[in-house]
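Undergrad: So that we are looking at the same thing, I have put the structure below in C-alpha cells.
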Amino acid sequence: MRRNPPEKVSQDKVIFSVEEIEALLAPPEMPKPAFEPAYIEVKNREGETHTLVIREAKKEEAPLLIDFMKKFVDVDHDFYDIVGARVLAELLGWYRNRLKDPYVLVGLIDGELVGFANGRLMNEDINISLHTMAFKRGFRIGAIMYYAKAQYAFEVLGNEEWWATYESYNGFKRWGIGMAQPSYPWPEYQHELGGARVYYITKDYWDSVVKNYLLDYIGSDLKRPVPEDLLKANETLSVPEKIEV
C-alpha cells in the first residue's frame with residue numbers, strides 16, 4: 001500500500017538492514033535445557049542386538065536431513081507423503097529460524113539414521129508433539145523415539161501438557177488409542193498440524209500411566225550417560241541409501 005506522508009520529511013526512503021528485520025522475523029526463544037544423549041539396546045526380528053543412540057540433531061546436519069526427507073514426499077501410501085512434506089517444512093523452519101522453540105532428536109545405530117522425533121514448545125506448560133518416524137523395521141524404534149521426546153518434555157523441560165495429533169491410522173492406533181489419550185473439544189482447540197483434534201497427555205497421566213505403558217512396550221528405560229566411545233561412533237550422521245516404507 002502506498003500513501004503520501006502527512007508532513008515534509010528529510011528523506012523519502014528509509015532503509016533497513018536485514019539484520020534488523022531478522023530480529024523481527026525470527027521467533028523469540030525460550031531458554032531450555034538440552035536433551036542429554038541416551039542409549040538403549042535394541043533387537044531386530046532376527047534377534048541381533050544393536051545399540052541405539054538418541055541425541056539432538058545439529059544445525060549443520062539439517063541439509064542432509066532435509067534431502068533425506070524429500071524422498072518420502074513421493075510415497076503415496078500410509079500417509080508418508082504428508083508426513084514427509086510436513087517434516088520437511090519443520091526441518092526448514094528449524095534450519096532457517098522460522099519455528100518457535102523446536103527440538104529435533106535423531107536415533108542412530110553406528111552413525112546411521114534410524115529414527116527421528118521432533119516437537120516445539122508453545123509455552124512453558126505446553127509441548128507440541130510434531131512427528132516421530134522410524135527408518136528401520138523390527139526394532140520398535142518409533143516407540144523409543146516417542147518415549148524419548150515425551151520423557152524430555154515432562155521430566156527435563158517440566159511441561160504440564162503434551163499435545164499431539166495423528167495423520168496415519170497406525171500412529172493413532174499405537175499412541176492415541178494405545179495410550180487412551182483424551183482430546184480437547186473441537187473446534188475450540190485445534191492442533192497446528194492442519195487444525196485437527198488435539199489429543200493430550202498431562203504430567204499426572206504421564207507419571208501414573210503413559211510412562212509405564214511405553215516402558216512395557218520398549219522393554220527397558222533409556223540409559224545415561226552415553227559412553228564416550230559410543231558417542232564418538234555416532235557423532236557423524238549418515239542417512240540410509242534406501243528408505244523402508
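Undergrad: Take the residues of region 211-242 that are charged (D, E, K, R) and under 30 Å from Y200 (Cβ atoms): which is surrounded by the most Cβ atoms within 10 Å (Cβ to Cβ)?
TA: Across region 211-242, the extreme among qualifying residues is K211.
For (1) without any contact (Cβ under 8 Å) to a residue 12 or more places away in the chain; (2) surrounded by 14 or more Cβ atoms within 10 Å (Cβ to Cβ), each residue gets a yes or a no:
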position: P31; (1), (2): yes, no
position: K71; (1), (2): no, yes
position: D76; (1), (2): yes, no
position: Y80; (1), (2): no, yes
position: R96; (1), (2): yes, no
position: E124; (1), (2): no, no
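Undergrad: Is at least one residue of region 202-210 modelled with pLDDT under 95, surrounded by 19 or more Cβ atoms within 10 Å (Cβ to Cβ) and either under 26 Å from L99 (Cβ atoms) or touching a Pro at 6+ places or on another chain (Cβ under 9 Å) (or both)?
TA: Within region 202-210 (the criterion being modelled with pLDDT under 95, surrounded by 19 or more Cβ atoms within 10 Å (Cβ to Cβ) and either under 26 Å from L99 (Cβ atoms) or touching a Pro at 6+ places or on another chain (Cβ under 9 Å) (or both)), the answer is no, since none of the residues qualifies.
Undergrad: Then there is this: Please identify the pairs in which a residue from region 211-224 that is touching a residue at least 40 places away in the same chain (Cβ under 8 Å) and under 11 Å from A143 (Cα atoms) has its Cβ atom under 8 Å from the Cβ atom of a residue that is of a type outside the set (G, A, S) and outside any loop (DSSP other than H, G, I, E, B), counting only partners at least 6 apart or on another chain.
TA: L214/Y146; L214/Y147; L215/Y147; I218/I40; I218/I144; I218/Y147
Undergrad: For region 32-62, how many residues are among the small types (G, A, S) and closer than 18 Å to I141 by Cα?
TA: Counting residues in region 32-62 that are among the small types (G, A, S) and closer than 18 Å to I141 by Cα gives 3.
Undergrad: Exactly one condition in (1) modelled with pLDDT of 95 or more; (2) part of a loop (DSSP other than H, G, I, E, B) is not met by V245; state its number.
TA: (1)
Undergrad: Given D110, D125, which one is modelled with pLDDT of 95 or more and on the phi > 0 side of the Ramachandran plot?
TA: D110
Undergrad: Quick check on R45: is it surrounded by fewer than 16 Cβ atoms within 10 Å (Cβ to Cβ), modelled with pLDDT of 95 or more and on the phi < 0 side of the Ramachandran plot?
TA: no
Undergrad: Say we look at region 100-123 and pick out the residues that are under 8 Å from the mean Cα position of the chain (by Cα) and of a type outside the set (S, T, N, Q); which of these is nearest to I243 (Cα to Cα)?
TA: Residue satisfying both the conditions and the ranking: F116.
Residues are listed down the side, and each one gets a yes or a no for (1) more than 20 Å from I40 (Cβ to Cβ); (2) in a loop (DSSP other than H, G, I, E, B):
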| residue | (1), (2) |
| --- | --- |
| Q151 | no, no |
| G158 | yes, yes |
| G171 | yes, no |
| A180 | yes, yes |
| E188 | yes, yes |
| G195 | yes, yes |
| Y200 | yes, no |
| Y205 | yes, no |
| Y213 | no, no |
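Undergrad: On the basis of being under 19 Å from the mean Cα position of the chain (by Cα), in contact (Cβ under 8 Å) with a residue 24 or more places away in the chain and over 16 Å from L130 (Cβ atoms), does L231 make the cut?
TA: For L231, the condition - under 19 Å from the mean Cα position of the chain (by Cα), in contact (Cβ under 8 Å) with a residue 24 or more places away in the chain and over 16 Å from L130 (Cβ atoms) - is not met.
Undergrad: Can you tell which of I201, I177 is of a type in the set (V, I, T) and closer than 30 Å to D76 by Cβ?
TA: I177
Undergrad: Restricting attention to region 154-165, does a residue exist that is of a type outside the set (A, V, I, L, M), more than 16 Å from the chain's Cα centre (by Cα), surrounded by 14 or more Cβ atoms within 10 Å (Cβ to Cβ) and more than 26 Å from M30 (Cβ to Cβ)?
TA: Within region 154-165, none of the residues are of a type outside the set (A, V, I, L, M), more than 16 Å from the chain's Cα centre (by Cα), surrounded by 14 or more Cβ atoms within 10 Å (Cβ to Cβ) and more than 26 Å from M30 (Cβ to Cβ).
Undergrad: So, in region 15-48, how many residues would count as being closer than 18 Å to L231 by Cα and part of a strand (DSSP E or B)?
TA: 5
Undergrad: Please work out if M69 is under 30 Å from F154 (Cα atoms) and touching an Asp or Glu at 6+ places or on another chain (Cβ under 6 Å).
TA: Answer is no for this residue.
Undergrad: Would a scan of region 170-177 turn up a residue that is closer than 18 Å to G107 by Cβ and surrounded by 20 or more Cβ atoms within 10 Å (Cβ to Cβ)?
TA: Yes, some residue in region 170-177 is closer than 18 Å to G107 by Cβ and surrounded by 20 or more Cβ atoms within 10 Å (Cβ to Cβ).
The values are calculated or read from the model by the stated rules, or taken from the named source; none is laboratory data. Values in this document were obtained by computation on a predicted structure and should not be read as measured data. Cβ atoms come from the backbone with ideal geometry, glycine included; neighbour counts cover every protein chain shown.
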